[in-house]
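Read through the structure below, which is laid out as structure tokens, and then see the notes.
Nothing in this text is a laboratory measurement; each read-out follows from the coordinates by a stated rule. Only a predicted model underlies this, so the values are computations on that prediction, with no experimental measurement involved. Glycine gets a Cβ as well: all are built from the backbone with ideal geometry, and neighbour counts include every protein chain shown.
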Amino acid sequence: MALRWDAASDVAIWIYFLHPPRENFAATLTPDEERVFGEHFGYLQELLQNGTLLLAGPTLGAANTGLCIFVAPDEDTARRIMNNDPTIAQRVVTGELREYRVSLLADPERWNQS
């Protein structure tokens, strides 16, 4: 599968960070936080299925910052997508939005997660 970025496209790439409220967040989730993160996962699955989400996941280690890379036509739409994330909407984490530009991208067929 080859990925192409069309510079004439009417969408931009955006990234939002999910900043947790404490260190070792993933290891210390409360039952309510676990529930919200279940909703978050479902929300991201919907974004992936409709072609909005490109990549998502947490950083590992003591600072479990999450990130979501996605497409949106403008900042208002991008901010709405971020703010609709259940983890942000329910104030479990703090969101930070930035426009993003891919400079280099490996062929996904070469990625190995094992």
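Out of region 84-114, which residues are part of a helix (DSSP H, G or I), touching a residue at least 12 places away in the same chain (Cβ under 8 Å) and over 19 Å from GLY38 (Cβ atoms)?
Scanning region 84-114 gives PRO108, GLU109.
So which residues in region 52-74 are over 11 Å from the mean Cα position of the chain (by Cα) and either free of Cβ contacts under 8 Å to residues at least 40 places away in the same chain or assigned to a strand (DSSP E or B) (or both), if there are any at all?
Of everything in region 52-74, those that are over 11 Å from the mean Cα position of the chain (by Cα) and either free of Cβ contacts under 8 Å to residues at least 40 places away in the same chain or assigned to a strand (DSSP E or B) (or both) turn out to be THR59, LEU60, GLY61, ALA62, ALA72.
Within region 55-86, count every residue that is surrounded by 14 or more Cβ atoms within 10 Å (Cβ to Cβ) and either in contact with a Lys or Arg (Cβ under 7 Å, 6 or more places away or on another chain) or farther than 16 Å from LEU18 by Cα (or both).
So the answer is 3.
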